[in-house]
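Engineer: Let me give you the structure first, and then I'll get to my questions.
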Amino acid sequence: MQCRSTWILICLLCLSLVAASGQNPTKAPDAEGYPWWQHAVFYEIYPRSFADSNNDGIGDLKGIASKLDYLKDLGVDAIWISPCFPSPQVDFGYDVSDYENIDPMYGTLADFDALAADAKKHGIRIILDFVVNHTSDQHKWFLDSKSSRTSEHRDWYIWRDGKGPGKPPNNWISDFGGSAWKFDSTTNQYYYHYFAAEQPDLNWRNPAVKDAMFDVTRWWYKRGVSGFRLDAVDTLYEDPNLHDNPVLPGKNDFGDPNEENKYNDKLPEVHETLRELRKVADEYNAVLIGETWTSDIAELNQYYGHGNNELQLPMDFLFTTVNKLSPADFRKQIAAVDSASGWPTFVISNHDIVRSYDRYGDGPHNDQIAKLMAGLYLTLRGTPIMYYGEEIGMKTTPPTRKEDVKDPIGRTGWPKEKGRDGERTPMQWDASENGGFSTVAPWLPVPPSAKTHNVADESKDPDSVLSFYKNVLKVRRANRALLDGSYVALNENDQNVLSYMRAYKDQAVLVALNMSGAPQTLNFDLSKSGFTSAKSLVATGKSGANGTVVTLEPYGVFIGQLAK
Ligand code: NOJ
Ligand code: CA
């Protein structure tokens, strides 16, 4: 008997050790049954721009490792590293030429392993970017594919005859400008590329492609990766009959006709593939985050899948497209996402869009508004995905001259489309010449705002945007209502203040966000739930509560624990 219970104990110990190694084949929910990714705060790192350890002007993996203490102190649980794999860098890593290695400019596989080990010691998980829709035109699969019509990998990409001399197979337009088809004289056929011509689309209808790509995920899971952000997953499949897309009125910023991407975007086949990819992820307790540009909740629900068998975290980009500080608009969006069939994901900035600091800021109150937005999306029911520099109030700084543009879409689309360099500038670590990012001039210039908005100075200032982020994240981490509580909208007719309660069993937190430039006072009637006072957990400036009467300074935030 004694022997048997010792044996059971040993088994349990082994199981928990496997779980801790990140390779647990079973799901590992916390004590209350929540999977790890529901409580985690994710943080996107654009590796070229985060920290440069060898002073060549480009960020790298050792640079990221050197900032793990900072990330831990900030309150981050998982970092999503944008592509760091070998790549000709036509689209700065989103053109992958080898999925199972690290680009020398970012380091080596040994550096990755060291980063993963160190991150684990810090309690930080690593999520990699999986570029599923296309490879680089320099990937060995594509080089073989284009070499002859009968090559082993010919059908791994989408090759078709043109409609006649100089005429592509159909009217589909590339997201990066021009036709989505490129003629290749080696075999006298066109290949399809939704993005740049150097990013040929994989043919996911070919089972060999699926197998090879699924194996890539296994390879990284076994190396300790906790999940993937799936790039451009909407465009995985296209109509095999190549129907022309309907043409809409007007032209886009590249001068191409507007089109409805009816036949090459969000085809139903994508869901079957996601279900299979999810099965692999589940074997490793991993999370799949989707770059999913859904236009409504019905589309979002499709990405969760029936019974949540597709993506755990399809990104909801609603907050990145509505740029107005309007309580009514937010209420509507939050309620919609809250009613979706899966766990919400909130994003306000990333490497493809103008930073939230500028989108919502009015100029004079940008810092207050940055705190307001943090007070909002870090207290909603869902998983937030932060973007590096957001926590210090980094602003978008686009190039002012065409010759300085690095982003391919900025070079093609200038001046209407200036590209995405402005939101990819180096992280501002201090006020020195290169922002503490590097000792040499970085690949993109450090914006002048590094003098006023940087980690070193803001760490010392209790009123800084950075201190506010840290405070909110600290409160969130320890507060069950903020982690798991339901979302209850309050004062729904208020045009200036967005307020809500997060309620979990007998606990609740009140959040009040003043979206106006005037002070506001609110008298909350919470008698139905029995709460009579709110004790401040985090608040900006003079914002505070007396009983359940909350006063907010202009653009003020109040987050308070409710008591009976
Ligand atoms: C989405 C990525 O976020 C973007 O940066 C990239 O250019 C395209 N996908 C193509 O991979
Ligand atoms: Ca470097």
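Engineer: Hey, can you tell me all the residues within the stretch 91-100 that are within 21 Å of residue 218 (Cα to Cα), open to solvent by less than 50 Å² (accessible area, probe 1.4 Å) and touching a residue at least 60 places away in the same chain (Cβ under 8 Å)? Give the derivation first.
Structural biologist: The initial filter retains those residues of the stretch 91-100 that are within 21 Å of residue 218 (Cα to Cα), namely 93-100.
With open to solvent by less than 50 Å² (accessible area, probe 1.4 Å) added as a condition, the list becomes 93-97, 99.
Across the stretch 91-100, the qualifying residues are 94, 95, 99.
Engineer: Identify, from the list 516, 536, the residue that is open to solvent by 50 Å² or more (accessible area, probe 1.4 Å) and in contact (Cβ under 8 Å) with a residue 24 or more places away in the chain. I'd like the intermediate steps shown before the answer.
Structural biologist: Numbers: 516 fails: open to solvent by 50 Å² or more (accessible area, probe 1.4 Å).
Sole residue among the options that is open to solvent by 50 Å² or more (accessible area, probe 1.4 Å) and in contact (Cβ under 8 Å) with a residue 24 or more places away in the chain: 536.
Engineer: Return yes or no: is residue 283 charged (D, E, K, R) and under 18 Å from the mean Cα position of the chain (by Cα)?
Structural biologist: On the way: charged (D, E, K, R): yes; under 18 Å from the mean Cα position of the chain (by Cα): no.
Considered against the rule, which asks whether it is charged (D, E, K, R) and under 18 Å from the mean Cα position of the chain (by Cα), residue 283 comes out as no.
Here is a yes/no grid of residues against (1) in contact (Cβ under 8 Å) with a residue 40 or more places away in the chain; (2) under 28 Å from residue 476 (Cβ atoms); (3) away from ligand 1 (no atom under 16 Å from the Cβ):
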{"site": "62", "(1), (2), (3)": "yes, no, yes"}
{"site": "80", "(1), (2), (3)": "yes, yes, no"}
{"site": "89", "(1), (2), (3)": "no, no, no"}
{"site": "113", "(1), (2), (3)": "yes, no, yes"}
{"site": "138", "(1), (2), (3)": "yes, no, no"}
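Engineer: Would you check if there is a residue in the stretch 477-484 being basic (Lys, Arg), in contact with a strand residue (DSSP E or B) (Cβ under 9 Å, 6 or more places away or on another chain) and open to solvent by less than 40 Å² (accessible area, probe 1.4 Å)? Step through it out loud before you land on a result.
Structural biologist: Just the residues of the stretch 477-484 that are basic (Lys, Arg), to begin with: 477, 480.
Of the ones still in play, those that are also in contact with a strand residue (DSSP E or B) (Cβ under 9 Å, 6 or more places away or on another chain) are 480.
After this cut, where a residue has to be open to solvent by less than 40 Å² (accessible area, probe 1.4 Å) as well, the list is none.
No, every residue in the stretch 477-484 fails to be basic (Lys, Arg), in contact with a strand residue (DSSP E or B) (Cβ under 9 Å, 6 or more places away or on another chain) and open to solvent by less than 40 Å² (accessible area, probe 1.4 Å).
Engineer: Tell me, please, whether a residue that is farther than 24 Å from residue 552 by Cβ and at pLDDT 95 or above can be found in the stretch 486-496. Spell out how you get there, then give the answer.
Structural biologist: Within the stretch 486-496, the first condition is being farther than 24 Å from residue 552 by Cβ, and the residues that meet it are none.
No, there is no match, as no residue in the stretch 486-496 is farther than 24 Å from residue 552 by Cβ and at pLDDT 95 or above.
Engineer: Taking the options 72, 62, name whichever one is open to solvent by 50 Å² or more (accessible area, probe 1.4 Å), modelled with pLDDT of 95 or more and away from ligand 2 (no atom under 16 Å from the Cβ). Explain how you work it out, then say what you get.
Structural biologist: Values: 62 fails: away from ligand 2 (no atom under 16 Å from the Cβ).
Of the residues listed, the single one that is open to solvent by 50 Å² or more (accessible area, probe 1.4 Å), modelled with pLDDT of 95 or more and away from ligand 2 (no atom under 16 Å from the Cβ) is 72.
Engineer: Mind checking which residues of the stretch 115-136 are over 19 Å from the mean Cα position of the chain (by Cα), more than 16 Å from ligand 1 (Cβ to nearest atom) and not aliphatic (A, V, I, L, M)?
Structural biologist: Answer for the stretch 115-136, where residues must be over 19 Å from the mean Cα position of the chain (by Cα), more than 16 Å from ligand 1 (Cβ to nearest atom) and not aliphatic (A, V, I, L, M): 118, 120, 121, 122, 123.
Engineer: Please pick out the residue among 218, 223, 229 that is crowded, with 21+ Cβ neighbours inside 10 Å, more than 16 Å from ligand 2 (Cβ to nearest atom) and basic (Lys, Arg).
Structural biologist: The match here is 229.
Engineer: Just for helices (runs of 4 or more DSSP H) wholly inside the stretch 351-459: which have at least 2 residues that are touching a strand residue (DSSP E or B) at 6+ places or on another chain (Cβ under 9 Å), modelled with pLDDT of 95 or more and within 24 Å of residue 81 (Cα to Cα)?
Structural biologist: On the way: elements: 356-360, 366-377, 408-413.
Fully inside the stretch 351-459 and qualifying: 366-377.
Engineer: Would you confirm whether or not the stretch 172-191 contains a residue that is open to solvent by 40 Å² or more (accessible area, probe 1.4 Å) and among the small types (Gly, Ala, Ser)? Outline the logic, then answer.
Structural biologist: In the first step, residues of the stretch 172-191 are kept if they are open to solvent by 40 Å² or more (accessible area, probe 1.4 Å); the result is 175, 179, 182-183, 185-186, 188.
Narrowing further to those that are among the small types (Gly, Ala, Ser): 179, 185.
Yes, because at least one residue in the stretch 172-191 is open to solvent by 40 Å² or more (accessible area, probe 1.4 Å) and among the small types (Gly, Ala, Ser).
Engineer: Starting from the stretch 405-431, take each residue that is under 19 Å from residue 357 (Cα atoms) and list its partners that are β-branched (Val, Ile, Thr) and within 16 Å of ligand 2 (Cβ to nearest atom), counting only C-beta distances under 6 angstrom and pairs at least six apart or across chains.
Structural biologist: 426/446
Engineer: Within the stretch 486-504, can you find the residues that are open to solvent by less than 20 Å² (accessible area, probe 1.4 Å) and charged (D, E, K, R)?
Structural biologist: Once the filter is applied, which keeps residues that are open to solvent by less than 20 Å² (accessible area, probe 1.4 Å) and charged (D, E, K, R), the stretch 486-504 yields only 502.
Engineer: If you don't mind, there's one more thing I want to ask. Taking residue 211 and the conditions (1) of a type outside the set (Lys, Arg); (2) outside any helix (DSSP H, G or I); (3) open to solvent by 70 Å² or more (accessible area, probe 1.4 Å), which numbered condition does it fall short on, given that it satisfies the others?
Structural biologist: If we test residue 211 against (1) of a type outside the set (Lys, Arg); (2) outside any helix (DSSP H, G or I); (3) open to solvent by 70 Å² or more (accessible area, probe 1.4 Å), just (2) comes out false.
Engineer: Filter the strands (runs of 3 or more DSSP E) completely within the stretch 239-342 down to those with at least 3 residues that are open to solvent by 50 Å² or more (accessible area, probe 1.4 Å) and within 30 Å of residue 416 (Cα to Cα). Working first, answer last.
Structural biologist: Numbers: elements: 247-251, 257-259, 287-290.
Strands (runs of 3 or more DSSP E) meeting the threshold: 247-251.
Engineer: Kindly indicate which of 292, 320 is within 16 Å of ligand 1 (Cβ to nearest atom) and touching a Pro at 6+ places or on another chain (Cβ under 7 Å). Reasoning before the result, please.
Structural biologist: Numbers: 320 fails: touching a Pro at 6+ places or on another chain (Cβ under 7 Å).
The conditions single out 292.
Engineer: I'm checking my understanding of the structure. Among residues of the stretch 120-157 that are aliphatic (A, V, I, L, M) and surrounded by fewer than 22 Cβ atoms within 10 Å (Cβ to Cβ), which one is nearest to residue 284 (Cα to Cα)?
Structural biologist: Here is the first cut: in the stretch 120-157, the ones aliphatic (A, V, I, L, M) are 124, 126-128, 131-132, 143.
Cutting the leftovers down to surrounded by fewer than 22 Cβ atoms within 10 Å (Cβ to Cβ) gives us 124, 143.
Working: 124: 16, 143: 32 Å.
Out of the qualifying residues, it is 124.
Engineer: Among the residues of the stretch 91-109, count how many are away from ligand 2 (no atom under 16 Å from the Cβ) and more than 21 Å from the chain's Cα centre (by Cα).
Structural biologist: Kept after step one, since they are away from ligand 2 (no atom under 16 Å from the Cβ), are these residues of the stretch 91-109: 91, 94-101, 109.
Adding the requirement that they be more than 21 Å from the chain's Cα centre (by Cα) leaves 97-98, 100-101, 109.
Looking only at that region, the number is 5.
Engineer: Give me the pairs: first residue in the stretch 207-222 and more than 17 Å from residue 274 (Cβ to Cβ) and touching a residue at least 40 places away in the same chain (Cβ under 8 Å), second residue open to solvent by less than 20 Å² (accessible area, probe 1.4 Å) and of a type outside the set (Ser, Thr, Tyr), beta-carbon distance under 6 Å, and six or more apart or on different chains, which are they?
Structural biologist: Note: pairs meeting the criteria are 220/128.
Engineer: Restricting to the stretch 153-204, name every residue that is of a type in the set (S, T, N, Q) and farther than 29 Å from residue 274 by Cα.
Structural biologist: Kept after step one, since they are of a type in the set (S, T, N, Q), are these residues of the stretch 153-204: 170-171, 174, 179, 185-189, 199, 203.
Once the filter is applied, which keeps residues that are of a type in the set (S, T, N, Q) and farther than 29 Å from residue 274 by Cα, the stretch 153-204 yields 185, 186, 187, 188, 189.
Engineer: Okay, next question. Is it fair to say residue 214 is under 24 Å from the mean Cα position of the chain (by Cα) and within 16 Å of ligand 1 (Cβ to nearest atom)?
Structural biologist: Values: under 24 Å from the mean Cα position of the chain (by Cα): yes; within 16 Å of ligand 1 (Cβ to nearest atom): no.
So residue 214 does not fit the description; no.
Yes or no, residue by residue, for (1) closer than 30 Å to residue 556 by Cβ; (2) out of contact with any Phe, Trp or Tyr (no Cβ under 8 Å at 6 or more places or on another chain); (3) of a type in the set (Gly, Ala, Ser):
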residue	(1), (2), (3)
379	yes, yes, no
394	yes, no, no
398	no, yes, no
414	no, yes, no
428	yes, no, no
431	yes, yes, yes
436	no, no, yes
445	no, yes, no
472	yes, yes, no
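Engineer: Given the conditions (1) open to solvent by 30 Å² or more (accessible area, probe 1.4 Å); (2) touching a Gly at 6+ places or on another chain (Cβ under 8 Å), report the number of the one that residue 103 does not fulfil.
Structural biologist: The number of the failed condition is (1).
The values are calculated or read from the model by the stated rules, or taken from the named source; none is laboratory data. Nothing here was measured: the structure is a model prediction, and the numbers come from that model. So basically every Cβ, Gly included, is an ideal-geometry build from the backbone, and we count neighbours across all protein chains shown. For accessibility, only protein heavy atoms count, side chains too; no ligands or nucleic acids. Shrake-Rupley method; radii C 1.70, N 1.55, O 1.52, S 1.80 Å.
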